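> Take a look at this one; I'll ask things after.
The values are calculated or read from the model by the stated rules, or taken from the named source; none is laboratory data. On a predicted model such as this, the values are computed, not experimentally measured, just so you know. Heads up, the Cβs are rebuilt from the backbone with ideal geometry, glycines too, and the neighbour counts pull from every protein chain shown. Heads up: the accessible areas ignore ligands, DNA and RNA and are worked out on the full protein's heavy atoms, side chains in. Shrake-Rupley method; radii C 1.70, N 1.55, O 1.52, S 1.80 Å.
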Amino acid sequence: MPRGPRGATRGPTLECPACAQTIKARHPDQFRQHVGKCCPDVVEHVPRDAWGDVASAAAAVASREAVLLRTAKGLAYAEGNRMPVAEVAKTMRLPLHRVKGILRKASKAIPLVADDAPLEIVFEDEELLVVNKPPNLRFHPTHRFEGNSLLSRCLGHVRRRSREKKNQSVDSSTNDDLVCDRDDKISSDSDSDAPRIVHRLDMDTSGVCLFVKDPALVDGFARQFRGEQECAPFGRARKEYLALCVGRVPRGAGEGGAVVRFEGDGDLRDDAAGDASGTPPAEKASKARGTFTVNAHVGAHGSIPEARWVHPPPPPDPHAKVGGHPDMDASLPKHAVTVCAVLSTTGFEAGRAARKHGGDEKGTSGDDANRESTSDESDTNRRLVAALVRAQPLTGRTHQIRVHLAHASLPILSDPLYGPHVRWGGAAPAENRGDADAAFGGGETEIKRAWGGELWLGRQALHAQRLTVTHPRTLEKLVFDAPMPEDMRRACEVLGVDPRVADA
């Protein structure tokens, strides 16, 4: 019997109406076995005699999927009475991952909107598109029919480049122009040319972002942003961020590294990392002068839906699978580790930063700050410092760097949820991004005078400076850099922190 690539038996194939996966369909039982795993709830709705013919069985499955789609959309998108996806699944008596898949399929049927706004290109070839994301821009649109996102801008850029190439390659004859116009219309109605997302940044975080244009490379790059067990054979992507913070450097950061863990109800505990025996591999990365590691689970915030905070490790689940599973409890805290290096610090006094701008106080190196932070003073009495920190997350949790630095008593400047105006100034966390009135309570308050003005960036002072990945096809190490944005450089100068150390 003839065989195709990888020794697979050649024969007819079929696209599953439920998951869109291409499956072998030489025998009807092959399709039925797939449906039994993919969408077992559909099996009983397919007439028994239909299973004898693959085409008839596929048509019956597609018909049932259409019914489920109408029902799910009617519940999830009902005007004035939208139902959460978990409630939709409960009402339809289906697993949560099934309902998510059904609604995702409905969403993908809507073409993405392409934006004409310009992009800052870091690197581009036929396979990859690397850009410097500006702050205050969503990574992907809230709804596919809306633009104003980084993905929408990337799609617009790719289509502009495609049109330019076509215009260069075709003659200026009328017929060729008609062919080019027709191709552009087809491209605009389809997402086949959309660059693929393999990682994300928060809306208010700036910095380097990787998109993949070659579909064959998507999985190889995406795996590098997952857990240690899933990133083989390429290894994990190395992500390095710059954070401008105000707080106290953890004790022990200048003595071979400190490990900041969860303790009690979220209070800080820092341990000098001295004895190498028994130290987990992730924590060994912090054993360099001027660095510390935050090793604390990240989970839901107690009162703010969009916020996160540190938690004790949850009880071990004997049924847990590597990489999780579709119906895993998303509310459970997840293991998170961030390695931080203090690049530059200077003394800070609330309300005096603006007067220091251009003044005579000089920033200190990370070692100087560490000598100061490891004095005999108590944590309560130690004065605050402004610090430029390089953070390397070894896991990828929502708000991980922001939560971990706040937990380590170094909250990120201008962060509306966890910032120093919340930790040290007594302001309430604000969910409205960039809204100074929401952050400081409106009016000319003492908190606003201390933490507003030039110290309020309208977003957290966090920037993805460097990304290192492995090309799945060539195994070449690729390093992409994005310079610190101007708003963070200005804030560094106001605080007296030297931003040039970030470029070293």
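> Can you name the helices (runs of 4 or more DSSP H) wholly within segment 414-504 that have at least 2 residues being over 19 Å from Ala391 (Cα atoms) and in contact (Cβ under 8 Å) with a residue 24 or more places away in the chain?
Answer list for segment 414-504: 420-423, 446-451, 486-495.
> If you scan segment 14-31, which residues turn out to be open to solvent by 30 Å² or more (accessible area, probe 1.4 Å) and in a loop (DSSP other than H, G, I, E, B)?
Correct list: Pro17, Cys19, Ala20, Gln21, Arg26, His27.
> Could you tell me how many of the residues in segment 439-457 are within 17 Å of Asp415 (Cβ to Cβ) and at pLDDT below 80?
Matching residues across segment 439-457 total 1.
> May I ask you to list the residues in segment 143-160 that are open to solvent by 70 Å² or more (accessible area, probe 1.4 Å) and basic (Lys, Arg)?
none
> Kindly indicate whether Ala439 is over 26 Å from Phe292 (Cβ atoms) and open to solvent by less than 10 Å² (accessible area, probe 1.4 Å).
Yes; evaluated as a whole, the condition is true for this residue.
> Shifting gears a bit: Step by step: first the residues of segment 445-488, then only those that are among the basic types (Lys, Arg) and within 30 Å of Asp125 (Cα to Cα), then the one that is nearest to the chain's Cα centre (by Cα). Which residue is that?
Of everything passing the filter in segment 445-488, Arg466 is nearest to the chain's Cα centre (by Cα).
> How many residues are of a type in the set (Lys, Arg) and under 30 Å from Glu230 (Cα atoms) when one looks only at segment 472-504?
Going through segment 472-504 one residue at a time, the tally reaches 2.
> Given the condition open to solvent by less than 60 Å² (accessible area, probe 1.4 Å), among the polar types (S, T, N, Q) and farther than 30 Å from Leu150 by Cβ, answer yes or no: does some residue in segment 49-65 qualify?
Yes, the conditions are met somewhere in segment 49-65.
> Might you let me know whether segment 121-142 holds any residue that is free of Cβ contacts under 8 Å to residues at least 40 places away in the same chain, within 15 Å of the chain's Cα centre (by Cα) and crowded, with 19+ Cβ neighbours inside 10 Å?
Looking for residues that are free of Cβ contacts under 8 Å to residues at least 40 places away in the same chain, within 15 Å of the chain's Cα centre (by Cα) and crowded, with 19+ Cβ neighbours inside 10 Å, one finds none in segment 121-142, hence no.
> To continue, here is another question. For Pro84, are the conditions met, namely being touching a residue at least 12 places away in the same chain (Cβ under 8 Å) and touching a helix residue (DSSP H, G or I) at 6+ places or on another chain (Cβ under 9 Å)?
Against the criterion (touching a residue at least 12 places away in the same chain (Cβ under 8 Å) and touching a helix residue (DSSP H, G or I) at 6+ places or on another chain (Cβ under 9 Å)), Pro84 does not qualify.
> State whether the residues of segment 208-215 include one that is part of a loop (DSSP other than H, G, I, E, B), over 24 Å from His421 (Cα atoms) and modelled with pLDDT of 90 or more.
Yes, the conditions are met somewhere in segment 208-215.
> Answer with yes or no whether Glu377 is at pLDDT below 95, outside the structural domain of Pro483 (by the TED database), open to solvent by 50 Å² or more (accessible area, probe 1.4 Å) and in contact with a Lys or Arg (Cβ under 9 Å, 6 or more places away or on another chain).
yes
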